[in-house]
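Below: the structure, in structure tokens.
The numbers here are math on the coordinates, done by the rules we state, and not lab data. The structure presented is a predicted model; accordingly, all values stated were derived computationally and were not measured. Cβ placement follows ideal geometry from the backbone for every residue including glycine, while neighbour counts extend to all protein chains displayed.
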Amino acid sequence: MDRRVFLSGMLGLTGATLVASLVGSGKAIAGVPATGGGILGELDASLPDLAVGGVPEVEEVQYRGRDRDRRDRRGRHWRPRRPVWRTVCRRFRSGGRWRRRCWRERVWV
């Protein structure tokens with residue numbers, strides 16, 4: 001298994017090197033265009049430039065606390081608890097021998 005992983009890793013490295021040599025470093029361009037504008041241009045702008053009518057826009061945000069029960073029910077399929085019967089066994093020593101006694105108990109699941 002180790003040889004197989006090593007060999008596939010070496011083939012992958014060789015393939016990546018081949019692709020990089022074919023493309024060349026001078027021909028590669030980044031995926032982000034160099035044009036101005038967008039959110040990056042807004043970050044560099046001063047505050048009065050972004051304000052509408054001289055007053056900056058303010059958005060009110062309400063923060064809610066964690067609703068644990070709601071999140072837990074959404075995360076897993078919530079079912080109400082119900083009683084079931086389980087078999088419980090205990091071992092004890094009697095007369096020099098180990099004996100086992102089993103009984104059924106009602107358990108809430």
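How charged is the neighbourhood of Val109? Take every other residue with its Cβ under 9 Å from the Cβ of Val109, and add Lys/Arg as +1 and Asp/Glu as -1.
Neighbourhood net charge equals +3.
With a point put 7 Å past each Cα toward its Cβ, work out how far Val84 is from Ala20 in nm, to one decimal.
About 5.5 nm, to one decimal.
Could you give me the ³J(HN,Hα) list for the stretch 92-109, computed from phi with Karplus coefficients 6.51, -1.76, 1.60 and θ = phi - 60°, whole Hz, x at Gly and Pro?
Result, ordered by residue: 8, 9, 9, x, x, 10, 7, 10, 10, 10, 10, 8, 9, 10, 8, 10, 8, 10 Hz.
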